[in-house]
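Below is one structure, written out as structure tokens, with a few remarks after it.
Where a number appears in this text, it was derived from the coordinates with a stated rule and is not lab data. These numbers were taken from a predicted model, which means no experiment stands behind them. Cβ coordinates were reconstructed from backbone atoms using ideal geometry, including for glycine residues, and neighbour counts include every protein chain displayed.
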Amino acid sequence: MTQALEAAAPGVVSGKNHTTENFPVASFLVRADLRAPIMAFYRFARTADDIADAPGVAAETRLGMLGAMRAGLAGAGAPEAEHLRDVMAERAIDPVHAQDLLDAFVLDVTKTRYADWDDLIAYCRLSAMPVGRYVLDVHGEDRATWAASDALCAALQIINHLQDCGKDYRAIGRVYIPLDSGLNPADLGADRATPGLRAIIVALARRTRTLLDQAAGFSAQIRDRRLGAEVAVIHALAVSLCDLLETRDPLSERVHHGKWQAAAIALRAALPRLLRFAR
């Protein structure tokens, strides 16, 4: 499917992989035998994301490609989806996670504005929450952990939206910042945020902290100590990124961690979780 997308619009495949994402994906902290099924889901999601975001490709074409991804989950279709279908069947994982994710990418093709916070969270229920639920199911974790996972995943999604708000608007005309915030979407096309836009971003970053507060005990709920450590790392990185969003302008400044900064945050977050279980 990646080859088909490149053929339809050369140069639009993002080239992103699990090592370039904001947050760890199947890192060394995760049990080695569980990384492959997580990576199968990631490759499925990465391909669908590239399809939905492909600039210059007609919406009808992108929806057709997403249809091929959905067909692969059911039988014959995109290879990334067929592979994930086999992985889910082997592990008796509910395919609803992948189906929900595809629904989110269809929204990305057909919807470019979000009315309010509830509208944005409804999108996150499809675009972000299924990712955490899938990883928990791969690990055989109790579904009682889903509420905390949902809050964390929604927070990660909104942080990504805020970091990339200018790029999303300029490249694909998409705006995730709720319109009831008082946003003038055209402000996202500037080289620097207006005071009004900065205030909106700061307010949303602070509201995102409430989701992170809801997820504060998530790591401790997880039985698998290695997954718990990875979740602790992700949570700590998200809190730090909210700090950056409150102090930096994503239109004109870098609002991402450097390699060594991320490593230091990860080490501080993971060690207490790992050492507690090692006693």
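Things to note:
- Near R125: Cβ cut-off under 10 Å, other residues only, Lys/Arg at +1 and Asp/Glu at -1. The net charge is -3.
- Remark: the chain carries a charge dipole of roughly 920 debye about the Cα centre, counting +1 on each Lys and Arg Cβ and -1 on each Asp and Glu Cβ.
- Kirkwood Rh in Å, taken over all unlike Cα pairs in the stretch 129-279: 16.4
- Trypsin sites (Lys or Arg not before Pro) within the stretch 25-108, DSSP loop, no more than 16 other Cβ atoms inside 10 Å: R31
- Taking 0.36 nm per residue of separation and subtracting the Cα-Cα distance, full extension of the segment from E246 to L107 would add 47.2 nm.
- Burial ordering of H161, H139, fewest other beta-carbon atoms within 10 Å first: H139, H161
- Among [x] 54, 46, 32; [y] 68, 38, 28; [z] 53, 38, 31, the entry derived from the coordinates for Cα extents along the principal axes in Å: [x]
- Whole-number D in µm² s⁻¹ for the stretch 30-110, Kirkwood Cα-pair radius fed into Stokes-Einstein, 20 °C, 1.002 mPa s: 168
- If you plug the beta carbon distance of A89 and A199 into 1/(1 + (r/R0)^6) with R0 = 41 Å, you get a FRET efficiency near 0.25.
- Cut-off 12 Å between beta-carbons: net charge of the residues surrounding G77, Lys and Arg +1, Asp and Glu -1: 0
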